[in-house]
1. Just name the residue that is farthest from residue 31 (Cα to Cα) out of those in segment 96-116 that are of a type in the set (D, E, K, R) and outside any loop (DSSP other than H, G, I, E, B).
2. Just checking, how many residues over segment 66-95 are buried (at least 18 other Cβ atoms within 10 Å of the Cβ) and assigned to a strand (DSSP E or B)?
3. Quickly run through segment 36-49 and pick out the residues that are touching a residue at least 40 places away in the same chain (Cβ under 8 Å) and surrounded by fewer than 15 Cβ atoms within 10 Å (Cβ to Cβ).
4. List the number of the failed condition for residue 58; all other conditions in (1) under 17 Å from the mean Cα position of the chain (by Cα); (2) crowded, with 19+ Cβ neighbours inside 10 Å; (3) among the aliphatic types (A, V, I, L, M) hold.
5. Which of the residues belonging to segment 114-139 are without any contact (Cβ under 8 Å) to a residue 60 or more places away in the chain, more than 17 Å from the chain's Cα centre (by Cα) and surrounded by 14 or more Cβ atoms within 10 Å (Cβ to Cβ)?
6. Restricting the first residue to segment 51-80 and requiring it to be farther than 14 Å from residue 149 by Cα, which pairs with a second residue that is in a loop (DSSP other than H, G, I, E, B) and acidic (Asp, Glu) meet a Cβ separation below 6 Å and a spacing of at least six or different chains?
Amino acid sequence: MRSTICCTLAALVLLAACAAAQEVWSGATHYFEKEDWADWTQPENQDRITDNAWLTRADGRGLFNIAQEDEFDSLEYLSPLGTEWSQGAAADWESLSFQTWDDYNNLDPWTNLDQPSVVHLIDDDIYIDITLVQWTRGQGGGVPGGGGFAYWRAPSPTPVLDTAWSDVKALY
């Protein structure tokens, strides 16, 4: 009886550890677009990837995470909060070098337009394939250009296994 309880507890700890591990979302089949001058405070103009990551853009400047900040951070350039970026593929996350959005883009997202990239959602520990395909530049002199952008990204994977307590008990 004692060994059964220990095995059951070990299985639960293992399942919890697996659930807390990083996720990799591969492929770029989900398209998101915010059109120029669209109201970034409206849900349809925010890519709500997880509860912690809602990417959007105001009428100018860079991306920001409206789930964690009200606007793009133009002082320290840490937006979008809770993310880091790299070129490459999400499946190769362990060998990639991640940076802030602005460091990754060298302050100009056009430098990575149409380049396979990865966004790491730090709070959720999810690595996602993403390819920026459109970016509206400002009009110069601090005049915004409308804030439009579009990208393809990997969608959330469909859960393969829905483990219920009865399934765990059935193993023993």
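The values are calculated or read from the model by the stated rules, or taken from the named source; none is laboratory data. Every value quoted in this text rests on a predicted model; they were computed, and no experiment measured them. With ideal geometry, Cβ positions are generated from the backbone for all residues, glycine too; neighbour counts draw on all protein chains shown.
1. Across segment 96-116, the extreme among qualifying residues is 103.
2. 4
3. 36, 37, listed by residue number.
4. Exception for residue 58: condition (1).
5. Across segment 114-139, the qualifying residue is only 135.
6. Correct list of pairs: 52/123; 52/124; 79/73.
To keep it simple, each residue is scored yes or no on (1) touching a Leu at 6+ places or on another chain (Cβ under 9 Å); (2) modelled with pLDDT under 95; (3) part of a loop (DSSP other than H, G, I, E, B).
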{"position": "14", "(1), (2), (3)": "no, yes, no"}
{"position": "18", "(1), (2), (3)": "no, yes, no"}
{"position": "24", "(1), (2), (3)": "no, no, no"}
{"position": "28", "(1), (2), (3)": "no, yes, yes"}
{"position": "49", "(1), (2), (3)": "yes, no, no"}
